[in-house]
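The values are calculated or read from the model by the stated rules, or taken from the named source; none is laboratory data. Note that the structure is predicted; figures quoted are calculated from it, not measured. Don't worry about glycine lacking a Cβ; one is built from the backbone with ideal geometry, like all the others, and counts go over all protein chains shown. Calculation scope for accessible area: heavy atoms of the full protein, side chains included, ligands and nucleic acids excluded. Shrake-Rupley method; radii C 1.70, N 1.55, O 1.52, S 1.80 Å.
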Amino acid sequence: KKGEIAKNIALIYMKQGQIDKALEAINSAKAANPNDISLILAEANIRYKLGEVEKYEELISQALLLDPNNMDLHFNLGVIAAEQGNFEEARKYYKRVIDKAPSYTKAQINMAALILDQEQGIVDEMNALGTSNADNEKYDLLKIKRQNLYKEAIPYLQATMASEPNNISAARTLMNIYSTLGDIPNFKSIKLKVEELE
C-alpha cells in the first residue's frame, strides 16, 4: 500500500511540475520497499520524461530482474535502443518480445520499421552512383540488398495482419513491398484488403 501511495503522490507532484518532490516521494518509499516494481517503474517514467535515458534504461533493467517476463519492459528497451540508433540492440529486444509473445503487434510493427529504416541509406547510395560498369554492378548489388530488406520485413508485417487484420498501415506497407518485389499474386490479394479497409 505504501508503494502505491508514494507512486500516486509522485504523480501528483509530477502534474504540478515539482519533479524534485516527486523523486523524493519515490526514493523515500523505495528505502522501505527497494524491490517494489511499481516504484521502480514510476521513477523510470519520471527519468524518461526528464530525458535521463541512461537512468531510465538502468531502472527498466532493474525492473526486469524482478519481472523478467514483462514484455512491455523488453519492448520499451527496444524503443529506446532504436531511438538512439542502436539497431542491433533494438532488434534483440524486439526479437525477445516476438519470440515469447508473437501476438504482441507493437513489437512486430517496430521490428518491420527497424528493418525498413535501413532502406534510405541504400537508396542514397544507389542515387549517388554514376553510370560506369563498376557503378552499374554496385547498383545491382544494392538493389538485391534492398529487396532482401523487404523480404526480411514481410513476416513481421504478415504477423501484424494475422493479429490485427484491420491494421491499414501494415496492409499498405505490405502492398507497397509486394509491388516493388513484383509479387503480383500477393500484391493483388493485399490490395483488395487495403481497398476494403479504406
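Tabulated values for the structure
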{"quantity": "Highest-fluctuation residue, Met175, Met126, Met111 considered, GNM on the chain with Cα pairs under 10 Å", "calculated": "Met126"}
{"quantity": "Efficiency of FRET from Cβ geometry, Gln158 and Glu196, R₀ 25 Å, rounded to 0.05", "calculated": "0.90"}
{"quantity": "Potential lengthening between Ala32 and Ser103 on full extension [0.36 nm per residue; Cα-Cα distance subtracted]", "calculated": "21.8 nm"}
{"quantity": "Mean accessible surface per residue for the range 61-164, computed with a 1.4 Å probe while every protein chain stays in place, in Å²", "calculated": "55 Å²"}
{"quantity": "Taking the chain and dividing mean pair separation by its residue count, relative contact order in percent (alpha carbons under 8 Å, at least six apart)", "calculated": "11 percent"}
{"quantity": "Point-charge dipole on Cβ atoms (K/R +1, D/E -1) for the range 76-140, about Cα centre, debye to 20", "calculated": "600 debye"}
{"quantity": "Electrostatic dipole magnitude of the range 56-198 [Cβ: Lys, Arg +1; Asp, Glu -1; Cα centre; debye, to 20]", "calculated": "460 debye"}
{"quantity": "Of Asp67, Asp36, Asp20, the one that fluctuates the most in a GNM where the chain has Cα springs shorter than 10 Å", "calculated": "Asp20"}
{"quantity": "From the coordinates shown, Rg and Dmax of the Cα atoms in Å corresponds to which of (i) 18.8, 57; (ii) 22.1, 72; (iii) 17.5, 53", "calculated": "(ii)"}
{"quantity": "Within a Gaussian network of the chain (alpha carbon springs, distance under 10 Å), most fluctuating of Thr160, Thr180, Thr131", "calculated": "Thr131"}
{"quantity": "Set of the range 31-68 residues, backbone N closer than 17 Å to the point 7 Å along the Cα-Cβ line of Asp117", "calculated": "53-54, 57"}
{"quantity": "Partner lysines for Lys30 [C-alpha distance under 25 Å; skip if fewer than 8 residues away on the same chain]", "calculated": "Lys1, Lys2, Lys7, Lys15, Lys21, Lys49, Lys55"}
{"quantity": "Global form of the range 1-76, assessed from the alpha-carbon gyration tensor, a/c cut-off 1.5", "calculated": "oblate"}
{"quantity": "Among Asn133, Ala112, Val123 - extreme Cα towards positive end, dipole of the range 67-149, charges at beta-carbon", "calculated": "Ala112"}
{"quantity": "Whichever lysines have a C-alpha closer than 25 Å to that of Lys151, once near sequence neighbours (fewer than 8 apart) are set aside", "calculated": "Lys92, Lys95, Lys100, Lys106, Lys138, Lys143, Lys188, Lys191, Lys193"}
